[in-house]
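The values are calculated or read from the model by the stated rules, or taken from the named source; none is laboratory data. Values in this document were obtained by computation on a predicted structure and should not be read as measured data. So basically every Cβ, Gly included, is an ideal-geometry build from the backbone, and we count neighbours across all protein chains shown. When the accessible area is computed, the model is the full protein with side chains, heavy atoms only, and any ligands, DNA or RNA have been set aside. Shrake-Rupley method; radii C 1.70, N 1.55, O 1.52, S 1.80 Å.
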Amino acid sequence: MRILLVEDDQALADGLSHSLSEWGFDVTLARTGAFAVGALSTQPFELAILDLGLPDMDGREVLRELRGRRQSPMPVLILTARDGLNDRIGGLQLGADDYMTKPFELLELEARVRALLRRSQGGFDHDIRFGGLVLDTRQQQVKVRGELLPLPPREYGVLEALLLQAGRVVSKDHIAQRLAARSEELADNAIEVYIHRLRKRLEPYAIGIRTLRGLGYLLEQH
């Protein structure tokens, strides 16, 4: 899925682009309002993340262009340092679908992005499939070849992180961040322990977890 990220702060834009790519999205970065308007007129996107404080125009002008002349129903998430009530109400009244203020938590941003995409596309299937493995994100259950595979919460969290990035290398830090958001702080070797346990559980089903030193883990079928 393609996301247009409209953000002029270089450090933040680079960090967000990296995170969005890790979450499995194809990201186009616009550092100015004019570039954003041009990109919207020439490329299809499933969602836009829009800063209001752009160097050449107010981000609300980009939103007006999108909702006014173009009549686009694409979801727009405003991400800005403007945290006043009037700013939030004004952005939503112009047609934004959600509003987040800086600073923010990456995990919350990911959750809101996925929620907006689900809503805009009539709801996603709650199941994530990989080979004979099916993970139900709503019930938080895992089945392999139709049989329930009971997993402790943290092992489930690790497997979910790997499945959401199936086909990509998932860094240890990314997995740790997701788990830490669910519960208390992790021990230094916790991720390796959970990966080891998952490997043993998945091995009979021809599903493996490859370790790429210095990079992370890759889910694969044997």
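With touching a residue at least 24 places away in the same chain (Cβ under 8 Å) and either surrounded by 15 or more Cβ atoms within 10 Å (Cβ to Cβ) or more than 20 Å from the chain's Cα centre (by Cα) (or both) as the only criterion, which of 160, 147 stands out?
Among 160, 147, only 160 is touching a residue at least 24 places away in the same chain (Cβ under 8 Å) and either surrounded by 15 or more Cβ atoms within 10 Å (Cβ to Cβ) or more than 20 Å from the chain's Cα centre (by Cα) (or both).
Could you please find all residues in the range 13-53 being in contact (Cβ under 8 Å) with a residue 60 or more places away in the chain and open to solvent by 40 Å² or more (accessible area, probe 1.4 Å)?
22, 46
Within the range 126-171, work out how many residues are assigned to a loop (DSSP other than H, G, I, E, B) and β-branched (Val, Ile, Thr).
Looking only at that region, the number is 2.
Within the range 11-115, considering only strands (runs of 3 or more DSSP E) that don't extend past its boundaries, which have at least 2 residues that are within 19 Å of the chain's Cα centre (by Cα) and assigned by the TED database to the domain that holds residue 172?
none
Looking at 219, 202 in this structure, which one is part of a strand (DSSP E or B) and closer than 20 Å to residue 150 by Cβ?
Every option except 219 fails the conditions.
When you go through 206, 176 one by one, which is the residue that is surrounded by fewer than 16 Cβ atoms within 10 Å (Cβ to Cβ) and either out of contact with any Asp or Glu (no Cβ under 6 Å at 6 or more places or on another chain) or within 19 Å of residue 16 (Cα to Cα) (or both)?
Within the list 206, 176, the selection yields 206.
Just a yes or no: is a residue in the range 101-118 crowded, with 18+ Cβ neighbours inside 10 Å and more than 23 Å from residue 1 (Cβ to Cβ)?
no
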